[in-house]
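Values quoted throughout were computed directly from the atomic coordinates according to the rules given, and no laboratory measurement underlies them. This is a predicted model, so every value here is computed, not measured. Quick reminder, even Gly has a Cβ in these numbers, built from the backbone with ideal geometry, and neighbours come from all protein chains shown.
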Amino acid sequence: MLINKEWRIRYVFLFCAVLIFSSFIIGQNLAQYEKRIHDYTLDNGLRVIILEDHSAPVASFITYTDAGASNEVVGATGLAHILEHMAFKGTSKFGTFDYEKEKPLLDKLDAIYHDLMVEKKKLNPEKAKIEALENEFKQVQDEHSKIVDQAGFARILEAEGGEGMNAGTGDDMTVYLVNLPSNKAELWAMMESLRFKDPVFREYYKERDVVIEERRLRVESQPIGRLLEEFVAMAYKAHPYGVDVIGHMSDLQEMTIQQVKDFFNKYYVASNLTLVIAGDVNPEQMITYVKKYWSDLPKFEKPESPRTIEPEQIGEKKMVMYDKSQPILIIGYHKPAQKDKDESVIGLLSNILANGRTSRLHERLVKKDKSAVATFAFPGYPGNKYPGLILIGAVPSKGKTSAEVDAVVLEEIEKLKNEKINIDELNKVKTQARAQLIRSLDSNLGMAMALAQYQINTGDWRNLFKQLDIISAITPDDIQNAAKKYLVLKNRTVAMIETEETK
Amino acid sequence: MNNRFKIKRLCIAVCALAAAIALVSPMLSAVDINYDPSKLVYPPASKLNIPTPEKFTLPNGIRVLLIEDHRLPLIEMSVLAKVGSVYDPADKAGLASLTGTVMRTGGTQKMTGDEIDLKLETLAANVETYIDDETGGAYLNCLKENFDTSLAILADILQTPRFDQEKIDLAKIEIKSAIARRNDNVMSIAAREFNRLLWGADSAKGKMVEYDTVNAITRNDLVNFHNKYFVPNNMIIGVVGDFKAKEIKNKLEKVFGNWKKFEIDFPQVEIRKSAPASVNYIFKDDIEQSNIYLGYICPEMQFKNPDYPAVSLMNYILGESSISRIFKEVRTKKGLAYSAYGSFKFSFNNPGFFSAFCQTKFSTTCLAIDTILDVANRMKNGDISQEEFTLGKNALLNSFVFGFDKNRKILQNQIQLEFSAYPADFYIKYREALEKLTLEDINAVAKKYIDTSNLLILVVGKKDQFEAPLDKYGKVTELDITIPEPKASAIAEATPASLTAGKELLAKVIKAYGGKELMQKNKSRIEEYSIALTLPQGEFSMDGKTYTIYPDKYRMDMNSMMGSMVRVYNGDTGWAEMGGNSVEMSSEDIKEAKKERSKEITWISENADKLTVYTAGEDTIDQRKIVKLVVKNGEEYIATFSIDSETFLILKRSYMGRDAMSGAPSEQEVFSYDFKTIEGMPIPFKTIIKQGGKQIMEIKMKKVEIGVPISDDLFIKKAK
């Protein structure tokens, strides 16, 4: 059992599985399933969704914040994610041996750090002064670390059987999750409320270093990480989707604790949070727990969404990265947000194109031409709440270049636009979508995430189940029209790795 | 520090505080934070219902485990077999993995692979096969109404895979593409090389799949590998889902009933019980962090060890959880790394090991290593506190349920236990043992098993940016992970047309060399020549004289500035003499020597009837058009000959031999030039030998005598 404290939604396309499905069999199963879902809104605006499943004495608990990297502004990229890390640092009671003593030390650290930054940014900084401040900073840090009870918060849940305690930050949201034996539901309601009622962002400067290491790990030390960061930057010139969730290195290095607190105060308000509990819980009992611990969160207006809208793209964008790596090809086409009527058609279109052994690109590139070893497509990258990208990718075979694979991808896309898809092929992806939905019902955590996401991105979790009828009504014309509308050259962004030798 | 600054800082602090209070104050005034989780009274946990799978064995030896689960209209099935890449021959590494892939993609007797793809995807069913290091098998997942169709396909895949050549070639492209990509990701480099350091780079678990080893694999190899290991008595099948056990039993009998039992003679796999301590470094240019592994083999780390429950608890405290000591020290307290962990890894019936891992910026590489070592050493001294112990024990006991919250997991556990010959109640017993553990127990296992004195250390990074040289931990070995270019060119498979063409071509070649009768008549030969050697140490030259009596006697007398050497082989034994010392040929050498003969046209002409000979494309050598002729003896590949398409002389022979320096398998290419006819036979007066694409030897013939008498005494070892 290896626990990484967080993973980023951006790379985990958890939701693809439940985006699309068709109707003709699930009917009954699904209607019954929907009956087991209950939702409530507290007076302060906190939304609670409860899914009953008594097949095992466990439950998944998530807190879904309607704020992520998209809510960051220039100069503060990576903020949502750093805050997610800080949300594991505890409260005034958990995570410290003596908060009375700790509080002044934390303030002192922030003050020294402030002076240090002021000095460092001077045109002619005084070396001695910097050194002195650094020494003092270190001294206070050491003093502070003696009264910190590391993992004091997480430990409470771990000891009671908490499993998979984790969090994730995406462009659209920040989500905190844990699985517990279901009789510990009240403990979760209590501790999770404390986490957001009484957070103490202790050990901020060390945790910021951890996040910087995470950037080195995910983006800078991996060819695919470097490529994706450039890819979104190229695809978006205005919308925050153009900056990787992890943020720019220089922003991270200078991020202040005040920025983190401000972000927290603005976005972590009751009206911006959704709690989802899925598993062996009694809904009435559960809502009693939630009310007991969460009702006193003050009522604030829901914070504003980012205003920037990505302007229409006016021409194809392309980048070639010559790298010490084998080739990788990534292609994106702008698409509307998840709530748009075309969403389901785009989901099917992606699957027809590149998912599965009989998809168009796999048949052509992998089986026939043998110029790629894998193909894939995602209908909503890097996010889905705002207009994202239809992402198409391929991994070229040894000795093949991304450019030659790209040319064939274009050919196959033209076919989708020029020739109407066969009804059998359409039915195949519909059946797959339906089966995917049934399979996803088996996971408490997966369903909890999907319900929250539908609630936030489309305004009602019930839309998850309405997709059923929408998908079954999709025709070959719809697919062709969507291909013609979205898969056009001027809407296209391509990023590729080619080997250094081909330069 | 002067006062002005202090005041200024105070002002800032006060202002910041005021701002924070202003923002947060509505909350502070209203919210209740005085909760005490220790005062909570929990309702009793709902009962965890762990179903016992229904177990039975089919007459042909397939063991079956079933669990009914009617919540969703789905059925899942998995098949587990004892098979794996540990059984790959070293020169055909990749065979197991290739077999595992092409069983599924290469079709069955009834359907092609592409037909299977379409059928399954139309039903939204998944059927996959795989072969890993030490296990292999298959997996099926479908809607219940499609179970019969899916099962029939899976049963055919297991029993009668077709292994279409086209899909083998495709899988080879995939596997070679993976080889080409294997150094792209630093994490996989570190994990792979640590594994090889641990178990031995050339061991069954450490050997690498290379272009050459993949090229050497033939369709027949796949067929044989499959036939050997995929027999019913080597299979365990588990099914979970929406079905009636009785019906499934009938269905399984129907599709697997005719599969014949066959006892497998499993090759011996040596797994070492300790690895030499060493410090290893790999340079990688395009990264910004060191990837660090520390570890050692711990043969006692098997689940059946009575210490397993205590060690699992110690693992939790040491470095397996986000509240563990390694995580806290390396990440939380020092901010050195994003991921940091360390624990003992268990195996069912083989040695386990300890490993710790973290990634940190180059300038804190040694600090991270030292921090982990310090945590481990302190724990070895038995400093686990009562509090840590209680926390860990509660955590493990309370989260135990998550191993059993899905029937799928329960079934997988039971299949694994059955496969490893462990009792079915293993996990229940483990939980009981966990409950009984005391603090002394885990401090005792910490003392017993933690050992940082014989560590393997591996760092992938840029050493010029480390804060200190790694040799503080011991002598540093820099590992070269360059991907070896393919040496042997891929050997094409025979077709009826190429076999016919090959036979005809060989007849022409034999004729060009004077015919079978002449070659048999001219069995003896004396050659005098000079050799120019190109070795890593430099250039060397020597003179030599070889006496040969076909088929199996030869004697070489060599003279160089460094002295003289004699090498004799007489068919059964052989020896070398140099500077008064005599060394007998090993059985391996004799095997090689025998093989050597089989690359001569004389031997081939004699054995032409029993050899498999076929053409394999055209090419040019020095602007001469050539046809490639592959010669095999049964399944054994002998060599590929490049035949001049006008003269039918052999311009080049290529085959797998041993590297002159290392003895490792290596592609040999022998180029022949300047043919002169002696006693009716064409003899090359210049020969160039390349090994792995590099020239190592040039031989210039001075004199050749054919058919002259040679004394047998030359091949007998004289007593001293």
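Residue check, B:Ser498 against (1) small (Gly, Ala, Ser); (2) in a strand (DSSP E or B); (3) crowded, with 17+ Cβ neighbours inside 10 Å, all met but one. Which one?
Only one criterion is unmet by B:Ser498, namely (2).
Away from chain B (no Cβ under 14 Å), small (Gly, Ala, Ser), more than 25 Å from A:Ile37 (Cβ to Cβ) and out of contact with any helix residue (DSSP H, G or I) (no Cβ under 7 Å at 6 or more places or on another chain): which single residue out of A:Ala403, A:Ala483 fits that description?
A:Ala403
Would a scan of region A:115-125 turn up a residue that is crowded, with 17+ Cβ neighbours inside 10 Å, farther than 22 Å from A:Ala189 by Cα and within 9 Å of chain B (Cβ to nearest Cβ)?
Taking every residue of region A:115-125 in turn, at least one turns out to be crowded, with 17+ Cβ neighbours inside 10 Å, farther than 22 Å from A:Ala189 by Cα and within 9 Å of chain B (Cβ to nearest Cβ).
Looking only at region B:215-224, decide whether some residue is in a loop (DSSP other than H, G, I, E, B) and of a type in the set (A, V, I, L, M, F, W, C).
Yes: region B:215-224 contains one or more residues that are in a loop (DSSP other than H, G, I, E, B) and of a type in the set (A, V, I, L, M, F, W, C).
Each row is one residue, and each column tells you yes or no for (1) under 16 Å from B:Lys448 (Cα atoms); (2) among the aliphatic types (A, V, I, L, M); (3) surrounded by 24 or more Cβ atoms within 10 Å (Cβ to Cβ).
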| site | (1), (2), (3) |
| --- | --- |
| B:Tyr308 | yes, no, no |
| B:Leu313 | yes, yes, yes |
| B:Ile323 | no, yes, yes |
| B:Lys328 | no, no, no |
| B:Lys334 | no, no, no |
| B:Ala340 | no, yes, yes |
| B:Asn350 | no, no, no |
| B:Ala356 | no, yes, yes |
| B:Thr365 | no, no, yes |
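Within region B:173-183, does at least one residue satisfy the condition of being among the hydroxyl-bearing types (Ser, Thr, Tyr), assigned to a helix (DSSP H, G or I) and within 14 Å of another protein chain (Cβ to nearest Cβ)?
yes
Where the second residue is part of a helix (DSSP H, G or I) and of a type in the set (Val, Ile, Thr) and the first is within 20 Å of B:Lys393 (Cβ to Cβ) and lies in region A:139-167, which pairs have Cβ atoms under 9 Å and are six or more apart or on separate chains?
Qualifying pairs under 9 Å: A:Gln150/B:Thr332; A:Ala151/B:Thr332; A:Ala159/B:Thr390; A:Gly161/B:Val401; A:Gly162/A:Ile156; A:Glu163/B:Val401.
B:Ile236: in a helix (DSSP H, G or I) and either touching a Phe, Trp or Tyr at 6+ places or on another chain (Cβ under 8 Å) or surrounded by 17 or more Cβ atoms within 10 Å (Cβ to Cβ) (or both), yes or no?
The answer is no for B:Ile236.
Results for (1) at positive phi; (2) within 14 Å of chain A (Cβ to nearest Cβ); (3) small (Gly, Ala, Ser), shown as yes or no for each residue.
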position	(1), (2), (3)
B:Phe402	no, yes, no
B:Gln412	no, no, no
B:Gln416	no, no, no
B:Ser420	no, no, yes
B:Tyr427	no, no, no
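Can you tell me which residue within region A:286-302, out of those that are within 13 Å of chain B (Cβ to nearest Cβ) and assigned to a loop (DSSP other than H, G, I, E, B), is nearest to A:Val58 (Cα to Cα)?
The residue in question is A:Ser295.
Under 6 Å between Cβ atoms, which residue pairs at least 6 apart in sequence (or on different chains) link something in region B:554-566 that is free of Cβ contacts under 8 Å to residues at least 60 places away in the same chain with a partner that is in a strand (DSSP E or B) and among the acidic types (Asp, Glu)?
Note: pairs meeting the criteria are B:Asn559/B:Asp543; B:Val566/B:Asp557; B:Val566/B:Glu577.
Rundown of residues vs (1) in contact with a helix residue (DSSP H, G or I) (Cβ under 9 Å, 6 or more places away or on another chain); (2) surrounded by 12 or more Cβ atoms within 10 Å (Cβ to Cβ); (3) hydrophobic (A, V, I, L, M, F, W, C); (4) facing chain A (nearest Cβ under 10 Å), yes/no style:
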residue	(1), (2), (3), (4)
B:Asn34	no, no, no, yes
B:Tyr42	yes, yes, no, yes
B:Glu54	yes, yes, no, no
B:Leu58	yes, yes, yes, no
B:Ile62	yes, yes, yes, no
B:Leu66	yes, yes, yes, no
B:Pro73	yes, yes, no, yes
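Here are the criteria: (1) touching a helix residue (DSSP H, G or I) at 6+ places or on another chain (Cβ under 6 Å); (2) more than 12 Å from chain A (Cβ to nearest Cβ); (3) closer than 18 Å to B:Phe283 by Cα. Tell me which single one B:Met379 does not satisfy.
Checking B:Met379 against (1) touching a helix residue (DSSP H, G or I) at 6+ places or on another chain (Cβ under 6 Å); (2) more than 12 Å from chain A (Cβ to nearest Cβ); (3) closer than 18 Å to B:Phe283 by Cα, the one that fails is (3).
For region B:606-635, what are the residues that are exposed (fewer than 14 other Cβ atoms within 10 Å of the Cβ) and either polar (S, T, N, Q) or not in a strand (DSSP E or B) (or both)?
Of everything in region B:606-635, those that are exposed (fewer than 14 other Cβ atoms within 10 Å of the Cβ) and either polar (S, T, N, Q) or not in a strand (DSSP E or B) (or both) turn out to be B:Asp609, B:Lys610, B:Thr620, B:Asp622, B:Gln623, B:Gly634, B:Glu635.
Residues that are small (Gly, Ala, Ser) and in a helix (DSSP H, G or I): does region B:70-90 have at least one?
yes
Do you know which residues across region A:361-370 are surrounded by fewer than 21 Cβ atoms within 10 Å (Cβ to Cβ) and more than 9 Å from chain B (Cβ to nearest Cβ)?
Within region A:361-370, A:Arg364, A:Lys368, A:Asp369 qualify.
Residue pairs, Cβ under 7 Å, 6 or more apart or interchain, first in region A:202-223 and within 7 Å of chain B (Cβ to nearest Cβ), second in a helix (DSSP H, G or I) and among the aromatic types (Phe, Trp, Tyr). List them.
none
Name every residue in region A:175-201 that is more than 7 Å from chain B (Cβ to nearest Cβ) and farther than 20 Å from A:Ala69 by Cβ, in order of residue number.
Across region A:175-201, the qualifying residues are A:Val178, A:Leu180, A:Ala185, A:Trp188, A:Ala189, A:Glu192, A:Ser193, A:Arg195, A:Val200.
Exactly one of (1) within 14 Å of chain B (Cβ to nearest Cβ); (2) in a helix (DSSP H, G or I); (3) in contact (Cβ under 8 Å) with a residue 40 or more places away in the chain; (4) not polar (S, T, N, Q) is unmet by A:Leu451. Its number?
Status for A:Leu451: all satisfied but (1).
Does A:Glu136 qualify as being at the interface with chain B (Cβ under 10 Å from one of its Cβ atoms), under 30 Å from A:Phe61 (Cβ atoms) and among the charged types (D, E, K, R)?
It is false that A:Glu136 is at the interface with chain B (Cβ under 10 Å from one of its Cβ atoms), under 30 Å from A:Phe61 (Cβ atoms) and among the charged types (D, E, K, R).
For region A:224-238, indicate whether the set of residues that are surrounded by 21 or more Cβ atoms within 10 Å (Cβ to Cβ), at positive phi and either within 14 Å of another protein chain (Cβ to nearest Cβ) or within 23 Å of the chain's Cα centre (by Cα) (or both) is non-empty.
No, region A:224-238 contains no residue that is surrounded by 21 or more Cβ atoms within 10 Å (Cβ to Cβ), at positive phi and either within 14 Å of another protein chain (Cβ to nearest Cβ) or within 23 Å of the chain's Cα centre (by Cα) (or both).
Look at region B:181-199 and say how many of its residues are surrounded by fewer than 18 Cβ atoms within 10 Å (Cβ to Cβ) and in contact (Cβ under 8 Å) with a residue 60 or more places away in the chain.
Count: 3.
Looking for something of a type outside the set (Ser, Thr, Tyr), more than 9 Å from chain A (Cβ to nearest Cβ), assigned to a helix (DSSP H, G or I) and more than 24 Å from A:Lys184 (Cα to Cα) - is there at least one such residue anywhere in region B:344-362?
Yes, the conditions are met somewhere in region B:344-362.
Do any residues in region A:422-434 that are without any contact (Cβ under 8 Å) to a residue 60 or more places away in the chain have Cβ atoms under 7 Å from those of residues that are surrounded by 13 or more Cβ atoms within 10 Å (Cβ to Cβ), where the two are at least six apart or on different chains, and which pairs are they?
A:Ile423/A:Pro476
Scan region B:109-133 residue by residue and report those that are β-branched (Val, Ile, Thr) and over 17 Å from B:Phe225 (Cβ atoms).
B:Thr112, B:Ile116, B:Thr122, B:Val127
Quickly run through region A:239-271 and pick out the residues that are surrounded by 19 or more Cβ atoms within 10 Å (Cβ to Cβ) and outside any helix (DSSP H, G or I).
Passing the criteria: A:His239, A:Val243, A:Asp244, A:Val245, A:Ile246, A:Gly247, A:Met255, A:Tyr268, A:Val269.
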